[in-house]
Number of protein chains: 2
Amino acid sequence: MRVGVIGGGQLGRMLALAGLPLGMDFHFIDPSPEAPARELGHLIVAPFDDRAAMFDFAQAVDVVTYEFENVSAPLLREVQVARPVMPSTDALETSQDRLSEKRLFQSLGIPTTRYVALDHEAELSRAIEQTGLPAILKTRRLGYDGRGQVPIYEPGDAGAAFQTLANAPGGLILEGRVVFEREISMVACRDQTGAVVFYPPGENVHQGGILRSSYAPFRESPLVRQAESHVGRILEHFDYIGVLAVEFFVEDGILIANEMAPRVHNSGHWTIEASVTSQFENHLRALAGLPLGRTDMRQEALLVNAVGRMPDASAVLACPDVHLHDYRKAPRPGRKVGHVTALADSRESLEELAPRLFEMVPFERHG
Amino acid sequence: MRVGVIGGGQLGRMLALAGLPLGMDFHFIDPSPEAPARELGHLIVAPFDDRAAMFDFAQAVDVVTYEFENVSAPLLREVQVARPVMPSTDALETSQDRLSEKRLFQSLGIPTTRYVALDHEAELSRAIEQTGLPAILKTRRLGYDGRGQVPIYEPGDAGAAFQTLANAPGGLILEGRVVFEREISMVACRDQTGAVVFYPPGENVHQGGILRSSYAPFRESPLVRQAESHVGRILEHFDYIGVLAVEFFVEDGILIANEMAPRVHNSGHWTIEASVTSQFENHLRALAGLPLGRTDMRQEALLVNAVGRMPDASAVLACPDVHLHDYRKAPRPGRKVGHVTALADSRESLEELAPRLFEMVPFERHG
């Protein structure tokens, strides 16, 4: 099967690493000739809105998927006439707009943060009354890794926050800040027959909006069941095919949906070593109409992202059962350039190792 | 690090799949433009004896290794002046000639089969006296997957056997046939500081000279210790860097070395899923001067080779914890085109699954 991936970043790279052993071929479209996936398939270098390039790309493959979310949904619907696009373009479009996403969660009975959409500064004080403070002002579109977000602690911060984001296309959304105990994410996969597999959730730590680490599995079973129920409903709603990731806050024993990503997800990278079948392989199996693989974990896992630059490989690989993933990206503050995954028989062993890993693996947000 | 691999077959392909996450680049040289590794790096299409192409290839990389054994050792020694070649060309040269290999085993105190080298038919009856019958007449060079071998059961078979192989360059060797209980192989890896890791041996079943399956780990500890001692001596002898595989027969509680391969080996493919660090990753770590990874197994493993053509992917992947490896080779009787690895908590579970796997995974030797 020839798989076309929109986006040639690390997710595309890891998809190809999972799919090549299954006999699949990969084609990528990405604006950068240095895209990390370039070594693993055919790369078309073109902007994501280059309609002609997108059609050339799609016509060379059997199925189109995406690892990058900010591609035009209308363009993708045109592509869909020529080639199947999975997961559903509707899911992608919903995830592109924080307002649609919140409305989806609400319509499916999934608790989410208090929110108010707004376009004008004049609406802000009324919005703050509804969400309470602290709150976070976000762009509805194109936010990732903590970009497009400004916290508001005091009513006096509101004007400056608005000005920071005022030029964002697509409007803003004010979200009440959840005082959460934990943040977890669940990765799940649905195949073409409607069969669904859930990975155990991971427990994530973000720093400045960027995922720093994730422990898996998160074991509190009532919450795991809640997550499976919520994620299952989203999958059904879209007649979804492939991997979906949903981030939740845990507040007073309740899951509050934060956001969803209709693709393989950073918080599921530990599945490469720790799970019987990785999120990447299951996504591809779903696209190919193959049976999904089991999601049991062989060991406990700790994922640590390398942000800004890569760690010293010798130091990392001298730790027992620690695995290195270099995305081959040029170093730059704030950029995810790789990750490491540590496996062990117990959470305690991982927690013991964690300080060493955090010291070894860079996290450089600013230049 | 830029790794140059002589040979672009499935071993090169799996080396690249292991090395790309470590941030390595791959270059291959292979006479076939359809070489299975072509998708995973830069491929120079040239015969292995094309001196100019070999130098172009070597000059573009930091280290040269090989996945194909029948490359000219003198040419490799020339290459070695320009770029480090690992493992040692001496080890390669020894493994290319069954006579040198036997002599090495003997010189290191490693039991091996009875043997007599011969060039002329007239020497055959005397040789048979020394080895006894049944015996196997083999070409000293260029034998693999059961090719270049003819069994001799009765003295009357000898003349015909000789005629079958008489045109082989490099002479013949007659080996006494071992009535073995089991055949095991050990994969080990030695790094640039002299540190050595051993994988648990696998227990192999050949059919018509082609590896059909391997169960790991083989657990009889006195034999495992014998194997580690034998393999350790070979590694030391060559000041070896990288992965070495040695096949042994088990006869009356003694290991009898059959042959060695100075490279990653088919009987170690289960290490991809079953081991903390695969044979492919450890080979590359050794080449790069990185610390070796642990070789503990996470589960019990059963490897089954697909010979002639690939199995139906849906059927294979519907089995829990079974992993598919498609080398993307054109189907052809007798050709290894892929493998599957099954993992389970016990050998018993694997033995229960085995008949289904053997039925699903083709083994087609003849057209």
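The values are calculated or read from the model by the stated rules, or taken from the named source; none is laboratory data. Every value quoted in this text rests on a predicted model; they were computed, and no experiment measured them. Cβ sites come from the backbone with ideal geometry, for glycine too, and all protein chains shown count toward neighbours. Accessible surface areas use protein heavy atoms only, side chains included; no ligands, DNA or RNA. Shrake-Rupley method; radii C 1.70, N 1.55, O 1.52, S 1.80 Å.
If ligands, DNA and RNA are left out, what is the accessible area of residue B:110 with a 1.4 Å probe, given in Å² to the nearest 10?
Rounded to the nearest 10, that gives 10 Å².
Report, as an integer, the average count of C-beta atoms from other chains found within 10 Å of each Cβ along B:286-292.
3
Hey, any idea what % of region A:253-340's accessible area is carbon plus sulfur with a 1.4 Å probe?
That fraction is 47 percent.
For the rotation taking chain A to chain B, which residue of A has the Cβ nearest the axis, and how many Å away is it?
Per the Cβ-to-axis criterion, the result reads A:298, 2.
Calculate the length of the line joining the C-alpha centroid of region B:1-79 to that of region A:122-186, in whole Å.
So the two Cα centres are separated by 53 Å.
Shortest first and in nm to one decimal, what separations exist between residue A:348 and its copies in the other chains, measuring from label points 7 Å along the Cα-to-beta-carbon line?
Reported distances to equivalent positions: 3.0 nm.
What residues of region A:17-46 lose no less than 10 Å² of accessible area with every protein chain in place versus their chain by itself (probe 1.4 Å, heavy atoms only)?
A:17, A:20, A:21, A:22, A:23, A:25, A:39, A:40
Report, for residue A:181, each distance to the same residue's label point in the other copies, shortest first and in nm; define the point 7 Å along Cα→Cβ.
5.7
For chain B, modelled as a Gaussian network with Cα springs under 10 Å, which listed residue fluctuates most, B:172, B:235, B:350?
B:350
Which stretch or stretches of region B:28-56 have amide N atoms under 12 Å from the point lying 7 Å from residue B:82's Cα along the Cα→Cβ direction?
B:50-56
Projecting each Cα onto the charge dipole of the protein assembly as shown (Lys/Arg +1, Asp/Glu -1 at the beta carbon, about the Cα centre), which of A:339, A:316, A:9 comes out farthest on the positive side?
In the protein assembly as shown, that residue is A:9.
Determine how large the accessible area of residue A:205 is when every protein chain is in place; take a 1.4 Å probe and give Å² rounded to the nearest 10.
Counting only protein heavy atoms, residue A:205 exposes about 70 Å² to solvent.
What's the FRET efficiency of residue A:52 with residue A:168 using the Cβ-Cβ distance as r and R₀ = 22 Å, to the nearest 0.05?
0.15
Distances in nm, one decimal, shortest first, from residue A:31 to the same residue in every other copy, taking the label point 7 angstrom along Cα→Cβ.
Reported distances to equivalent positions: 4.8 nm.
Peptides A:46-59, B:66-79: what's the order by average Cβ count within 10 Å, highest mean first?
Top to bottom by mean Cβ count within 10 Å: B:66-79, A:46-59.
Which ³J(HN,Hα) values in Hz, rounded to whole numbers, follow from the phi angles of region A:218-230 under the Karplus curve 6.51 cos²θ - 1.76 cosθ + 1.60, where θ = phi - 60° and Gly and Pro get x?
Here the 3J(HN,Hα) series is 7, 10, 5, 4, x, 6, 4, 5, 4, 4, 4, 5, 4 Hz.
Per-residue HN-Hα couplings for region B:204-217, Karplus 6.51 cos²θ - 1.76 cosθ + 1.60 at θ = phi - 60°, whole Hz, x for Gly and Pro?
3J(HN,Hα) across region B:204-217, in whole Hz: 9, 10, 9, 10, x, x, 10, 4, 9, 8, 8, 9, 9, x.
Could you grab the relative contact order for chain B? Cα pairs under 8 Å, six or more apart, rounded to a whole percent.
It rounds to 13 percent for chain B.
Within a Cβ distance under 14 Å of residue B:50, other residues only, what is the Lys/Arg minus Asp/Glu net charge?
In short, -3.
Using only the alpha-carbon atoms of chain A, report the extent along each of the three principal axes, biggest first, to the nearest angstrom.
56, 52, 42
Considering Cα pairs under 8 angstrom that are at least six residues apart, work out the relative contact order of region A:45-85 and quote it in whole percent.
48
From Cα pairs below 8 angstrom and at least 6 apart in sequence, can you work out the relative contact order of region B:264-367, rounded to a whole percent?
After rounding, I find 29 percent.
May I ask for the accessible area buried between chains B and A, both sides summed, probe 1.4 Å, to the nearest 100 Å²?
Approximately 2700 Å², summed over both chains.
Subtract the Cα-Cα distance of residue A:332 and residue A:70 from 0.36 nm times their separation in residues, and report this length gain in nm to one decimal.
Result for the pair: 92.2 nm of gain on full extension.
Non-local amide H neighbours of residue B:26 (under 5 Å, H modeled in plane, Pro and chain starts lacking H): which ones?
B:3, B:42
Give me, ordered by chain and number, the residues 5 or more places off residue B:218 or on other chains with an amide H under 5 Å from its own placed amide H.
B:202, B:203
Let's test the formula: R0 of 41 Å, r as the Cβ-Cβ distance of residue A:34 and residue A:237. What FRET efficiency results, to the nearest 0.05?
After rounding, the FRET efficiency stands at 0.65.
Can you list residues from other chains, or at least 5 along the same chain, whose modelled amide H is less than 5 Å from the amide H of residue A:306?
For residue A:306, whose amide H was placed from the backbone, the distant partners under 5 Å are A:337, A:338, A:339, A:340.
Grab the DSSP H runs of chain A that are 4 residues or longer, score each as -39,500 (n - 2.57), total them, divide by all residues and round the 222 nm result to the nearest 500 deg cm²/dmol.
-8500 deg cm²/dmol
If I take R0 = 22 Å and measure r between the Cβ atoms of residue A:160 and residue A:122 in this structure, what FRET efficiency does the formula 1/(1 + (r/R0)^6) give, to the nearest 0.05?
0.90
Take every residue in peptide A:313-320, count the Cβ atoms of other chains within 10 Å of its Cβ, and give the average of those counts.
5
Tell me, what ³J(HN,Hα) does each residue in region B:16-32 have, in order and in whole Hz, if you take phi through Karplus 6.51 cos²θ - 1.76 cosθ + 1.60 with θ = phi - 60° and put x for Gly and Pro?
Each residue's phi maps through the Karplus curve to give 5, 4, 7, x, 4, x, 7, x, 8, 10, 10, 10, 10, 10, 7, x, 9 Hz.
Per residue, how much accessible area does the protein assembly as shown have with a 1.4 Å probe, in Å²?
Result: 38 Å² per residue.
For the protein assembly as shown, go through all pairs of different Cα atoms, get the mean of 1/r, take its inverse, and jot down that Kirkwood value in Å.
Computed over Cα pairs of the protein assembly as shown, the Kirkwood hydrodynamic radius comes out at 27.7 Å.
For chain B, with only Lys/Arg (+1) and Asp/Glu (-1) charged at the beta-carbon, what is the dipole magnitude about the Cα centre, in debye rounded to 20?
Taking the Cα centre of chain B as origin, the dipole is about 420 debye.
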